[in-house]
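Novice: Encoded as structure tokens, here's the structure I'll be asking about.
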Amino acid sequence: MISQFSAIFVWLFAVEGHEEKVARKDLAFIRLTMLSRLVFVSANAVKSSGPLGAGLVQLSHLHTSPNSQAPVPALPEKGGKTRHGIIPEELFQLLYPKTGVTGPYMLGAGLLTYILSKEIYIINHETFAAACMGTVIIYGVRKFGPDVAAFADKLNEEKVQKAQEVKDLAMTSLAQAIQDEKKEQWRAEGRQMLFDAKRNNVAMLLETNRRERVHMVTNEVKKRLDYQIALQTLHRRMEQEHMVNWVEKNVVTSITPQQEKTSIAKCITDLKVLAKVQQAKATA
């Protein structure tokens, strides 16, 4: 007995040194249990559908390729109901219609009796050691399982909370980025309006410059036309003055001294007559 207990403690220490391997085995066992549940559920569905449903299932496996198959359903986060810790409830539900309530237990007892009677499994000292170890493990699970589960749930909640905080921070930053992007788009629209106003201002400046140049050209042309008019007027006046001077010179040269004296006497006589007339008007 002492050797058995020492073997148990040695095994426990070995288990502590290989936690990672045990965790992997437990994970594989959980996955196998979930897959077995899926098989039982599928079997129940096929059984309820009758021969036609079973035939359709077989045809779907025979005539479908891996690329055309439906996606694998997601595994549940928590396991379903079990009996005795490891036996799925779906197994009992599958056997109830045919064997009744005691059918699964009779099946298990029959298999155990068959294995022992055929000496497929032989009871020896390792069996008692395994029973002792199983008892210790079950006691440890019953005793420390809730505390460990609460501690694991607490760690999981902390991780979920941290992940939620990171998610909220990312959502906040993304929302702010969206608002900034909308503001930049609004600014881009306003920038387009500003560019239109600047284009209009440039067009107005160009039009003003064009009109100033047209006005300058008009003034220059007017100045040149005025110069030509003034030049023609000057030519006409010079011609008139030259003609008057020429006529006056010719008239003066054509008058003789006798004609000059006669004209002077005539002028004096006319002046005297005009003087008498003025005196008569004054006295009257």
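Novice: Accessible area per residue, 1.4 Å probe, Å², for region 140-284: what's the number?
Specialist: Details: 13750 Å² over 145 residues.
Here the per-residue accessible area is 95 Å².
Novice: Hey, another quick one. Test of understanding: what is the full-extension gain from Glu241 to Ala131, defined as 0.36 nm times their sequence separation minus their Cα-Cα distance?
Specialist: Extra length from Glu241 to Ala131 when fully extended: 24.1 nm.
Novice: Separate question: Where Rh denotes the Kirkwood radius from the mean inverse Cα pair distance, what is Rg over Rh for region 113-227? Could the numbers behind the result be given before it?
Specialist: Details: Rg = 45.4 Å, Rh = 24.5 Å.
Taking Rg over the Kirkwood Rh, I get 1.85.
Novice: Once both labels are modelled 7 Å past Cα along the beta-carbon direction, what's the Val214-Lys78 spacing in nm?
Specialist: Taking the two extended label points, one gets 8.8 nm.
Novice: Ok, one more. When the chain is fully extended, how far beyond the present Cα-Cα distance does Leu206 get from Leu271, taking 0.36 nm per residue of separation? Write out the running numbers ahead of the final one.
Specialist: Details: separation 65, 0.36 × 65 = 23.40 nm, distance 7.67 nm.
Taking 0.36 nm per residue and subtracting the Cα distance, the gain is 15.7 nm.
Novice: Let me ask another. At 7 Å along Cα-to-Cβ for each site, give me the label-to-label distance between Ile122 and Leu107 in nm.
Specialist: The modelled label-to-label distance comes out at 3.1 nm.
Novice: Hey, another quick one. So, in nm, how far is label Thr253 from label Tyr96 when the simple model puts each one 7 Å beyond its Cα toward the Cβ?
Specialist: Result for the modelled spin labels: 15.9 nm.
The values are calculated or read from the model by the stated rules, or taken from the named source; none is laboratory data. Just so it is clear, the structure is predicted and the values come from calculations on it, not from any experiment. Every residue, glycine as well, gets a Cβ built from its backbone with ideal geometry; the counts of neighbours run over all protein chains shown. All accessible areas refer to the heavy atoms of the entire protein, side chains included, with ligands and DNA or RNA removed. Shrake-Rupley method; radii C 1.70, N 1.55, O 1.52, S 1.80 Å.
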